[in-house]
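First the structure, in the form of structure tokens, and then the observations on it.
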Amino acid sequence: MANTAQARKRARQAVKLNAHNSSQRSELRTAIKAVRKAIEAGDKAAAAQVFQSSVSVIDSIADKKIIHKNKAARHKSRLSAAIKALA
């Protein structure tokens, strides 16, 4: 348990920040799942449309340093490749 007022405040702030970052990561995962679902449906145009909106979510979360920029690039690259592979 935190002993000083400063440590208690930092503990309170850490709880709030953790909750915010967790919701942001959840939003990221939801965006990625939406693209994967569109790819599995087999509609290339719809998948590309969902991918465009997901890219902005992925980029904004990487800009906030919730995930590393290379991880964001990896997700975008793999999703893009999967969309291009659709017939």
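Work from the charge dipole of the chain (Cβ charges, +1 for Lys and Arg, -1 for Asp and Glu, about the Cα centre) and give the residue of A34, N18, A87 farthest towards its positive end. Of the candidates, N18 comes out farthest on the positive side. Over the chain, accessible surface divided per residue gives 72 Å², non-protein components excluded, 1.4 Å probe. Screening the chain for DSSP H helices whose Cα atoms reach 24 Å or more along their own axis and whose mean Kyte hydropathy is at least -0.5 gives 44-63. In whole angstrom, the chain maps to an equivalent ellipsoid with semi-axes of 37, 11, 8, each derived as √(5λ) from the alpha carbon gyration tensor and ordered largest first. Here the accessible area of the chain is 53 percent carbon and sulfur, with a 1.4 angstrom probe and all protein chains present. Along its first, second and third principal axes, ordered by size, segment 13-52 spans 44, 15, 5 Å in Cα coordinates. Remark: for residue pairs K16/K76; K16/K69; K33/K84; K44/K71; K44/K76; K16/K71, the C-alpha separation exceeds 21 Å in K16/K76; K16/K69; K44/K71; K16/K71.
Let me have the 222 nm mean residue ellipticity of the chain computed from DSSP H runs of 4+ only, each contributing -39500 (n - 2.57), with the sum over all residues rounded to the nearest 500. Walk me through the numbers before you get to the answer.
Working: 3 runs with 73 residues, N = 87.
Per the formula, -29500 deg cm²/dmol.
Our note on the geometry: Cα centres of segment 4-32 and segment 36-70, 23 Å apart.
The values are calculated or read from the model by the stated rules, or taken from the named source; none is laboratory data. Note that this is a predicted model, so its numbers are computed, not measured. Because the Cβ atoms are built from the backbone with ideal geometry, glycine has one as well, and the counts that use them run over all protein chains shown. Note: accessible area is taken over every heavy atom of the protein model, side chains too, but ligands, DNA and RNA are not part of it. Shrake-Rupley method; radii C 1.70, N 1.55, O 1.52, S 1.80 Å.
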